[in-house]
């Protein structure tokens, strides 16, 4: 129970912080304003939390997905995000299930077909989950005639979602690697 | 809690591998700023970013950016190519 609470709080805070950071850059940083679709940082929280904490992180991630647009900056979207957010969070389990069904089970040793200590394998999960997210969320939106402000739900948006989720996750990985690893190495010495 | 720390340990091991392969741990804050700007610009132009773009988007002086790009190029992190459209312009490409 204590472990569940710890991982839930970590997942929720991580997802919310990334959303706030992404929203700030998308609205305030001059040369990137309005281009946030090309570097959607919160996808990194979905990938990292589901891969390392397992499916138990899903409720906290889902809550984190909803807090930004409903509590921190309400009214930025004109439609309900309950289903699209759920699809987005579930895109990582979908990717893991697909890889598992192809024989690539997630493990933590060198012999694991999908090693969670190898960043290339995590990038593969990110790539596939970004594809699921892009296709399924836009499919849902187009079936229900929904669209983001100043945008059309079309194939270009599918591409933007896919590129944005992948690039955003890569940025977060590089940022964390550069921020955390030198600090930990220094602390160890 | 033990399981939580083990999971975090695995995540850090993954990030450690990424950091080692990127080989950017020794970069100064200015070099990091230029490096990040190149990554962001790469999202807009797959053939490489021109130096003027990097100067404008990094908020640093032209001479600092030139000096930094030279160091990144010497370290093998980026490559500088001459633009086919404008021979006077160099394009910056990330090394894979």
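The values are calculated or read from the model by the stated rules, or taken from the named source; none is laboratory data. What you are looking at is a predicted structure, and each value in this text was computed from that prediction instead of being measured. All Cβ positions, even for glycine, are placed from backbone atoms using ideal geometry, and neighbour counts span all protein chains on display.
Brief remarks on what is shown
- The listed residue being touching a strand residue (DSSP E or B) at 6+ places or on another chain (Cβ under 9 Å) and surrounded by 15 or more Cβ atoms within 10 Å (Cβ to Cβ), out of A:124, A:176: A:124
- Scanning segment A:175-189 for residues that are more than 7 Å from chain B (Cβ to nearest Cβ) and modelled with pLDDT of 80 or more, we see that the one that is farthest from residue A:128 (Cα to Cα) is A:179.
- Single residue of A:116, A:46 found to be within 22 Å of residue A:4 (Cβ to Cβ) and either within 14 Å of the chain's Cα centre (by Cα) or modelled with pLDDT of 95 or more (or both): A:46
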